[in-house]
1. Please work out whether the stretch 32-78 counts as rounded, prolate or oblate from its C-alpha gyration tensor, where a ≥ b ≥ c are the square roots of the eigenvalues and a/c under 1.5 means rounded, while otherwise a/b larger than b/c means prolate and anything else oblate?
2. Expressed as a whole percentage, what fraction of the accessible surface of the chain belongs to carbon and sulfur atoms when a 1.4 Å probe is rolled over the protein heavy atoms?
3. In debye to the nearest 20, how big a dipole does the chain give about its Cα centre with +1 on each Lys and Arg Cβ and -1 on each Asp and Glu Cβ?
4. Which whole-angstrom value gives the distance between the alpha carbon centres of the stretch 1-39 and the stretch 48-74?
5. Could you work out the Kirkwood radius for the chain, taking every pair of different alpha carbons, averaging 1/r and inverting it, reported in Å?
6. Give me the 1.4 Å probe accessible area per residue for the chain, excluding ligands and nucleic acids, in Å².
Amino acid sequence: MHKETVRVSFDIPVDEHILYKTECVKSRVPIKNFMHNLVVMGMKEYRKAQLNEKLAKSIQQAKKGKTRVVSSQELDQWEKDLENDTE
């Protein structure tokens, strides 16, 4: 039998846990859903940061005269990445 979910466990400071639980009570959201939403938002921000890092590196290389041709497929993928991150 294939399991569809896995358990993720990690330690956090007590003060941080109180902050999360307090927000969950205020929002009337189970902590599992709250933490899942935080992870999803964090992943979106992480991908944006990665893309920004790639773009900044490309700009610096262009300024130094180290340029390369970017394919339209690559540009399409970058555009798709940006669209996915803004959703």
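The values are calculated or read from the model by the stated rules, or taken from the named source; none is laboratory data. Keep in mind that this is a model prediction, so the values were computed, not measured. Here the Cβ is made from the backbone with ideal geometry for all residues, glycine too, and neighbour counts use every protein chain on show. Ligands, DNA and RNA are excluded from the accessible area calculation, which covers all protein heavy atoms including side chains. Shrake-Rupley method; radii C 1.70, N 1.55, O 1.52, S 1.80 Å.
1. oblate
2. Details: 4590 of 8170 Å².
Exposed carbon and sulfur together represent 56 percent of the surface.
3. Working: 16 positive and 14 negative charges, 52 e Å.
For this selection, approximately 260 debye.
4. Computed from Cα coordinates, the inter-centre distance equals 37 Å.
5. Values: mean 1/r = 0.0600 Å⁻¹.
Result for the chain stands at 16.7 Å.
6. Numbers: 8170 Å² over 87 residues.
In whole numbers, the chain has 94 Å² accessible per residue.
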